[in-house]
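Have a look at the structure below, then the notes.
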């Protein structure tokens, strides 16, 4: 029987249809955070929440999201799920603090607070020296036919950044046993990892890759939202305990059997691939969550070198504000997933709320723990993306403008459309080398990405 409650009031004041699945997902997400994996328990608790909600809500009152969350906390505690209730309360409080911070600094580039100031200054100083610190200056150089020069200058800056990270690892070669390559979605981890590996191998270091994607739990155990969208972006989607166990055993010289995750079926198969490393080998981990404390908690800090990659573009847009790094990565992922993963750009836009939410919780806050930060932004990339994506963003602005459930998609679509509309388009990308990090996304890479 459908619940008597039909609509709820969001914090923004919008009235939207009541969806019990959102309660189930919130409870299940909190349970996953403390090790729980039984979704049926979350579903049963949701029914209790609905019952309390119906009994306590006057006939002429629309319940608010806050009121529903209060009931969820009460039901969790009363049913003996204290640890899950604590995780739910902490998660709720985190979102509340983030909303307040966003309102207090609406125009600030909040991600930059997690990147060392010296790194930001280095990138900004480079942009000023190369007349690429505003969209207006970028366009002026493009109008003069300088696209090949812009590409060459940008690629050299990136290559030198990777070389510095490699030199730092080489100097610590006697103690470093695990190299973590981390960064948010579409920051260029794959290409950067390959390039870093080239430098290290040239110095005589032997690298062994550990693909942590094989440690995903079965898909049915992942949290998901009311649209049925599974959350691959949270570190809790990975079997962190097994990753740590295998790392410790490998560093002892033991032989382990790695799992294999089948993305087609969403199933993990344990004890599949044997792996053993030599005394002088270095384990290389390329992962969204390479800096997440739980990923390598059992590995001594002195045995790890952590590299963080981000699109640290220091360029002011048409509105005088610095271009958001997340918007660059959104466009990169749209083009890449459309080319290589049969994933339509609109799906990427609608999934980005998960991507962004997870990286703000589990990736970006750890950037300041990295041993070195690599800037993978290319000042020319908006011009390359304009012919590929601008029409899509225009359509999404119209489609989601009045949809209260998709306001995140609308806001992003409008902002990125304005950005793309402000830059001159580049159709001919032949000046971009096959070893460029941009080729990881637009195609034509000489690397096997």
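The values are calculated or read from the model by the stated rules, or taken from the named source; none is laboratory data. Just so we're clear, the structure is a prediction, and the values are computed from it rather than from any experiment. Neighbour counts are summed over all protein chains in view; Cβ atoms, including those assigned to glycine, are modelled from backbone coordinates with ideal geometry.
The table that follows gives values for the structure above.
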{"item": "Only listed residue being touching a residue at least 24 places away in the same chain (Cβ under 8 Å) and either touching a strand residue (DSSP E or B) at 6+ places or on another chain (Cβ under 9 Å) or more than 27 Å from residue 221 (Cα to Cα) (or both), chosen from 75, 15", "result": "15"}
{"item": "Per-region count, the stretch 214-253, residues at pLDDT 95 or above and not in a helix (DSSP H, G or I)", "result": "0"}
{"item": "Residue selected from the stretch 391-419 under the condition touching a residue at least 60 places away in the same chain (Cβ under 8 Å) and touching a helix residue (DSSP H, G or I) at 6+ places or on another chain (Cβ under 7 Å), by the criterion farthest from residue 347 (Cα to Cα)", "result": "419"}
{"item": "Residue 378 being in contact with a helix residue (DSSP H, G or I) (Cβ under 7 Å, 6 or more places away or on another chain), crowded, with 19+ Cβ neighbours inside 10 Å, on the phi < 0 side of the Ramachandran plot and not in a loop (DSSP other than H, G, I, E, B)", "result": "no"}
{"item": "Residue match in the stretch 145-164 (condition: assigned to a loop (DSSP other than H, G, I, E, B), modelled with pLDDT of 95 or more and surrounded by fewer than 21 Cβ atoms within 10 Å (Cβ to Cβ))", "result": "yes"}
{"item": "In the stretch 242-253, the residues that are in contact with a helix residue (DSSP H, G or I) (Cβ under 9 Å, 6 or more places away or on another chain) and more than 13 Å from residue 300 (Cα to Cα)", "result": "242, 243, 246"}
{"item": "Qualifying residue in the stretch 170-178 (condition: in a helix (DSSP H, G or I) and at pLDDT below 95)", "result": "yes"}
{"item": "Near pairs, Cβ below 8 angstrom, 6+ apart or cross-chain, from the stretch 197-214 (more than 19 Å from residue 287 (Cα to Cα)) to any residue that is buried (at least 19 other Cβ atoms within 10 Å of the Cβ) and modelled with pLDDT of 90 or more", "result": "199/162; 199/166; 203/166; 205/169; 205/282; 206/282"}
{"item": "Condition met for residue 52 (touching a strand residue (DSSP E or B) at 6+ places or on another chain (Cβ under 7 Å), over 30 Å from residue 238 (Cβ atoms) and surrounded by fewer than 19 Cβ atoms within 10 Å (Cβ to Cβ))", "result": "no"}
{"item": "Only listed residue being over 16 Å from residue 346 (Cβ atoms), surrounded by 14 or more Cβ atoms within 10 Å (Cβ to Cβ) and over 25 Å from the mean Cα position of the chain (by Cα), chosen from 437, 426", "result": "426"}
{"item": "Set 159, 122, 146: member being assigned by TED's automatic domain parsing to the domain that holds residue 358, at negative phi and in contact with a strand residue (DSSP E or B) (Cβ under 9 Å, 6 or more places away or on another chain)", "result": "122"}
{"item": "Candidates 269, 199, filtered to the one that is farther than 23 Å from residue 172 by Cβ and either modelled with pLDDT under 90 or surrounded by fewer than 20 Cβ atoms within 10 Å (Cβ to Cβ) (or both)", "result": "269"}
{"item": "For residue 206: the one exception among (1) at negative phi; (2) buried (at least 20 other Cβ atoms within 10 Å of the Cβ); (3) in contact with a strand residue (DSSP E or B) (Cβ under 7 Å, 6 or more places away or on another chain)", "result": "(2)"}
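Table: residues versus (1) surrounded by fewer than 23 Cβ atoms within 10 Å (Cβ to Cβ); (2) at pLDDT 95 or above; (3) in a helix (DSSP H, G or I).
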| position | (1), (2), (3) |
| --- | --- |
| 291 | no, no, no |
| 320 | yes, no, no |
| 329 | no, yes, yes |
| 334 | no, yes, yes |
| 339 | yes, no, yes |
